[in-house]
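Engineer: The structure follows.
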Amino acid sequence: MANPRSLTRSMQATVSYKLATGQDLYQQPTYGALQTALAKVWKEQVLKKTATGEELVTMHFVHTYTEIKKQSIIWLPGESTADLTAGHIVDAVGRFDSLAVRGAQWTLYVISIEGTGG
């Protein structure tokens, strides 16, 4: 039987994030408090098909057991959280089935962030 430690063994990075909470009077996004999550982060070059041809895009992928929703802001390890615009808007989140471990539900979230440097 799996235990919580074995589930997070490969997650040796920490990401910071602010969950999207809605919009203000000017239709600008609003965010909650800064939080952190244990994660596994890696970078890949992905070939994407566009209307004008193909484009090589650098993407970061984040695995975490913390629910981070679309439109939230996430900072990768080593990035400064002092500037809100330095964060990345979460544009895609995949959710895997929950796993019950010692009475707790664990759901793996896969976050992809496009255009995060080469």
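Engineer: Can you find a residue that is assigned to a loop (DSSP other than H, G, I, E, B) and modelled with pLDDT of 80 or more anywhere in the range 91-103?
Structural biologist: Applying the first criterion (assigned to a loop (DSSP other than H, G, I, E, B)) to the range 91-103 yields 91, 96-98, 102-103.
This time we only want the ones that are modelled with pLDDT of 80 or more, so: 91.
There is at least one residue in the range 91-103 that is assigned to a loop (DSSP other than H, G, I, E, B) and modelled with pLDDT of 80 or more.
Engineer: Here is a follow-up. I'd like to verify a number: residues in the range 7-34 that are touching a strand residue (DSSP E or B) at 6+ places or on another chain (Cβ under 9 Å) and either without any contact (Cβ under 8 Å) to a residue 24 or more places away in the chain or farther than 16 Å from GLY87 by Cβ (or both), how many?
Structural biologist: Of the range 7-34, the ones touching a strand residue (DSSP E or B) at 6+ places or on another chain (Cβ under 9 Å) are 7-8, 10-24, 29-34.
Subset that is either without any contact (Cβ under 8 Å) to a residue 24 or more places away in the chain or farther than 16 Å from GLY87 by Cβ (or both): 7-8, 10-12, 21-24, 30, 32-33.
The qualifying residues number 12.
Engineer: Same structure again: Need the failing condition index for THR81 against (1) part of a loop (DSSP other than H, G, I, E, B); (2) at pLDDT 85 or above; (3) surrounded by fewer than 12 Cβ atoms within 10 Å (Cβ to Cβ), just the number.
Structural biologist: (3)
Engineer: Taking the range 21-73 only, how many residues are in a loop (DSSP other than H, G, I, E, B) and either modelled with pLDDT under 80 or in contact with an Asp or Glu (Cβ under 7 Å, 6 or more places away or on another chain) (or both)?
Structural biologist: Filtering the range 21-73 down to residues in a loop (DSSP other than H, G, I, E, B) leaves 24-28, 32-34, 51-52, 65-72.
If we keep only those that are either modelled with pLDDT under 80 or in contact with an Asp or Glu (Cβ under 7 Å, 6 or more places away or on another chain) (or both) too, we end up with 51, 70.
Going through the range 21-73 one residue at a time, the tally reaches 2.
Engineer: Let me spell it out: the conditions are (1) in contact with a Lys or Arg (Cβ under 8 Å, 6 or more places away or on another chain); (2) without any contact (Cβ under 8 Å) to a residue 40 or more places away in the chain, and LEU38 meets all of them except one. Which number is the exception?
Structural biologist: Unmet condition: (1).
The values are calculated or read from the model by the stated rules, or taken from the named source; none is laboratory data. Predicted model only: the values in this text are computed from it and were never measured. Using ideal geometry, Cβ is built from the backbone for each residue, glycine included, and neighbour counts are taken over all protein chains shown.
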